[in-house]
Amino acid sequence: MKLLHLSDLHLGKNVLGLSMIKDQEYALNQALILCKKQNIKHIIISGDVYDRSIPNEEAVSVLNKFLSNVILENKIKVYIIPGNHDSKERLACFNGILEKQGLFIDSSINKDLTMNMHQINEDGLSINIYSLPYMFPGEIRLLSGDDSIKDFESAVSKVIKNNKLNSDEINILNTHYFVIGNKEPIRSDSETKTSVGAIEQISYRVFDGFDYVALGHLHCPQHIERDTVRYGGSLLKYSVDEIKQNKMFTIVDIKSKNDISIQKIPIIPFRDFVCLEGFVDELTKNSEIKDERIVFFKLLDKTPVLNAATRLKIKYPFYVGLTYINIINDINNNDSPIKKEQGFEQLTLKQQFDNFFHFVLKKDLDQIQDETINQVATAIEKDNK
């Protein structure tokens, strides 16, 4: 049996002001074609379906069209959880009605900490898909009544331990968290970094009882230690530092509990997102020939060029931004008048914030602000001990 693992669609996202909705629709259509070609009857989507909690009309329309084609026309079942970008309530508002059609949207866990589970009996296999959507430690602490839960790993571990898995069957977890192994995974600027220290990190060992862990959250497709703990990766390149990443569809081929293999199929973008490096005069030659790619520029000019963006947009209509490499290097040079403050790392968190506040606003915290920041800093430092 095969299933398609998708994650981080971020429907409705703009990349540096450029709408990606046509690109997203094009990529999702490829996913449908792939399912038809390989006779895939199950799709897992591991969170961040939308880019924001209140999606725009175009994003909703694209998802509706995709799910309608997948479920109603092709009888493919879809299992969705919300990520940290999604509104749980909006995403799952019609879940009870749509389950009969083959759409399962699990926006939370149950009050007794059990996860929603969907069983597949196909090709002689018994497969259980468990859903663990993105939840904050405080939510799980409130449900469990366990005041010792302070971070994401202790919260998720609490939930996992409260669910008894049948080890004779194939168990799959669909979840959306920052899961790490023995080395730092590849991250991207376009991911929302909400962590303070290691509070958001969860060890892959927490999920040892599952035969496949479908992860969302990080945008680079990658496995964490074992091949079956895997980030599906984002549907498209959503930031400059993702340009060199190869986005792909992840197909999970399940032959038995001990025979699960991964097939990676490249996603062909509607418009590729590239970074071009050079001088403005060189890059704008032959402007009558249009370059339809999404382009970010790293300019080699040693001084800012007048109307550089305007000139580049004539040849590159999907220009999204630029930076001057040599000018940035000049700023970071040791001879630059801009110096990093000495001893900043040795200050307490409260002192660092005080200095930053004064640097930006040219004034000190008032009494209420000072007391509030002191309370927050103390709590963070206590949790990180």
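Worth pointing out:
- Only Cα pairs under 8 Å and 6+ residues apart enter the sum, and on that basis the relative contact order of the chain stands at 14 percent.
- Using a Förster distance of 56 Å, the FRET efficiency for Leu18-Asp168 (Cβ separation, nearest 0.05): 0.65
- Against the rule of thumb 2.2 N^0.38 Å, how large the Cα Rg of the stretch 1-65 comes out: 1.17
- Per the Kirkwood formula applied to alpha carbons, the stretch 202-274 shows a radius of gyration over Rh ratio, Rg over Rh, of 1.02.
- Which listed pairs, of Lys247/Lys290; Lys244/Lys302; Lys264/Lys290, have C-alpha distances above 30 Å, in listed order: Lys264/Lys290
- As computed over the chain, the Cα convex hull volume per residue (Å³): 183 Å³
- Inter-label distance for Arg90 and Ile314, nm, one decimal - labels placed 7 Å from Cα along Cα-to-Cβ: 4.1 nm
- Asp366 contributes about 80 Å² of solvent-accessible surface, heavy atoms of the protein only, 1.4 Å probe.
- The chain - mean residue ellipticity at 222 nm from DSSP helices (-39,500 (n - 2.57) per run, n ≥ 4, rounded to 500): -8000 deg cm²/dmol
- Remark on Lys13: its backbone amide H falls under 5 Å from those of Met20, Asp51, a criterion applied only to residues 5 or more positions apart or on other chains, H modelled at 1.01 Å from N.
- In straight-distance terms, cross-link reach from Lys164 covers every one of the aspartates and glutamates whose alpha-carbon lies under 15 Å from its own, apart from those fewer than eight places away in the same chain; here that gives Asp112, Asp208, Asp211.
- When +1 charges are put on Lys and Arg Cβ atoms and -1 charges on Asp and Glu Cβ atoms, the dipole computed for the stretch 113-192 relative to its Cα centre reaches about 240 debye.
- Peptides 212-218, 110-116, 241-247, 132-138 ordered by average Cβ neighbours within 10 Å, highest first: 212-218, 132-138, 241-247, 110-116
- Euclidean distance between Cα centres, the stretch 1-64 to the stretch 107-142, Å: 22 Å
- Applying a threshold of 28 Å to the alpha-carbon distances of Lys65/Lys313; Lys37/Lys313; Lys77/Lys257; Lys36/Lys313 flags Lys65/Lys313; Lys37/Lys313; Lys36/Lys313 as lying beyond it.
- Straight-line cross-link reach from Lys41 at under 16 Å between alpha-carbon atoms covers these aspartates and glutamates, not counting any fewer than eight positions away in the same chain: Glu73, Glu99, Glu122, Asp123, Asp253.
- Relative packing of peptides 264-276, 157-169 - highest average C-beta neighbours within 10 Å first: 264-276, 157-169
- The 1.4 Å probe gives accessible areas that order Thr310, Thr228, Thr175, Thr348, largest first, as Thr310, Thr348, Thr228, Thr175.
- Principal semi-axes in Å for the stretch 1-156 [√(5λ), Cα gyration tensor, largest first]: 27, 22, 13
- Rounded to the nearest 20, the size of the Cβ-charge dipole of the chain about its Cα centre is 900 debye, with Lys and Arg at +1 and Asp and Glu at -1.
- D (Stokes-Einstein, µm²/s), Kirkwood Cα radius, the stretch 83-139, 1.306 mPa s at 10 °C: 124 µm²/s
- Protein accessible area in the chain, 1.4 Å probe - carbon and sulfur %: 51 percent
- Checking every one of the GluC sites (Glu not before Pro) in the stretch 28-130 against DSSP loop status and a limit of 15 other Cβ atoms within 10 Å picks out no site at all.
- Based on protein heavy atoms only, the chain ends up with 52 Å² per residue of surface accessible to a 1.4 Å probe.
The values are calculated or read from the model by the stated rules, or taken from the named source; none is laboratory data. These figures come from a predicted structure and were not determined experimentally. Cβ atoms come from the backbone with ideal geometry, glycine included; neighbour counts cover every protein chain shown. When the accessible area is computed, the model is the full protein with side chains, heavy atoms only, and any ligands, DNA or RNA have been set aside. Shrake-Rupley method; radii C 1.70, N 1.55, O 1.52, S 1.80 Å.
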